[in-house]
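Engineer: The structure is given below, and queries will be raised subsequently.
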Amino acid sequence: MEFEFTGEIIYWRGPSPYHYVPVPAAESAAIKAVSSEVTYGWGVIPVLARIDDTEWETSLFPKDGRYLVPVKDMVRKAEVLELGDTVTVRLILGRP
């Protein structure tokens, strides 16, 4: 299953501080509908993610009824991205 959406890079200072792009509500609902088929525990969903020319393996994290896409430092550096930038994210669900 593949998704593409646009969102803003946010910073969450939770237990593991990180930069994320929130998955929109409609796409989050579609992911939730198949989550039992692709999760490997704790509700996290393994994905292959892409922003512009940079692709990486990560896991979506559930938060407040939606999912968050972690944006690694190497991705932000490669694509010259900062907090608050709007990006287009492509996701392929499942174990890459």
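The values are calculated or read from the model by the stated rules, or taken from the named source; none is laboratory data. Computed from a prediction, not measured in an experiment: that's the story for all the values here. All Cβ positions, glycine included, derive from the backbone under ideal geometry; neighbour counts span all protein chains shown. What goes into the accessible areas is simple: the full protein's heavy atoms, side chains included, and nothing from ligands, DNA or RNA. Shrake-Rupley method; radii C 1.70, N 1.55, O 1.52, S 1.80 Å.
Engineer: How big is the Rg/Rh ratio for the chain, C-alpha atoms only, Rh by Kirkwood, two decimals?
Structural biologist: Numbers: Rg = 12.3 Å, Rh = 13.3 Å.
On the Cα set of the chain, Rg over Rh gives 0.93.
Engineer: While we're here: Leaving out same-chain residues fewer than 8 places away, which lysines sit with a Cα under 20 Å from that of residue 32?
Structural biologist: 63
Engineer: Between the helical axis of 25-38 and the dominant principal axis of the chain, each derived from Cα atoms, what acute angle in degrees is found, rounded to the nearest 10?
Structural biologist: 60
Engineer: Same structure, new question: Run a plain Debye calculation on the range 46-96 (Cα atoms as equal point scatterers, no solvent) and give log10 I(q)/I(0) at q = 0.17 Å⁻¹, rounded to two decimals, same order as the q list.
Structural biologist: Log10 I(q)/I(0), no solvent term: -0.51.
Engineer: Sticking with this one: Could you run the Karplus curve 6.51 cos²θ - 1.76 cosθ + 1.60 with θ = phi - 60° over the range 52-65 and give me ³J(HN,Hα) per residue in whole Hz, x for Gly and Pro?
Structural biologist: Using θ = phi - 60°, the values come out as 6, 8, 10, 10, 8, 8, 7, 9, 6, 10, x, 7, 6, x Hz.
Engineer: Rounded to the nearest whole Å², what accessible area per residue is found for the chain with the 1.4 Å probe? Numbers along the way, then the final one.
Structural biologist: Working: 5540 Å² over 96 residues.
Computed with neighbouring chains in place, this is 58 Å² per residue.
Engineer: Continuing with the same structure: Counting only protein heavy atoms and a 1.4 Å probe, tell me what percentage of the chain's accessible area is made up of carbon and sulfur. Don't skip to the answer; put the middle values down first.
Structural biologist: Values: 2790 of 5540 Å².
Answer for the chain is 50 percent, counting heavy atoms of protein chains only.
Engineer: Moving on to the next point. Sorted by packing (mean other beta-carbon atoms within 10 Å per residue), highest first, where do 49-60, 72-83 land? Before the final figure, lay out the partial values.
Structural biologist: Details: 49-60: 16.6, 72-83: 13.1.
Top of the packing list down: 49-60, 72-83.
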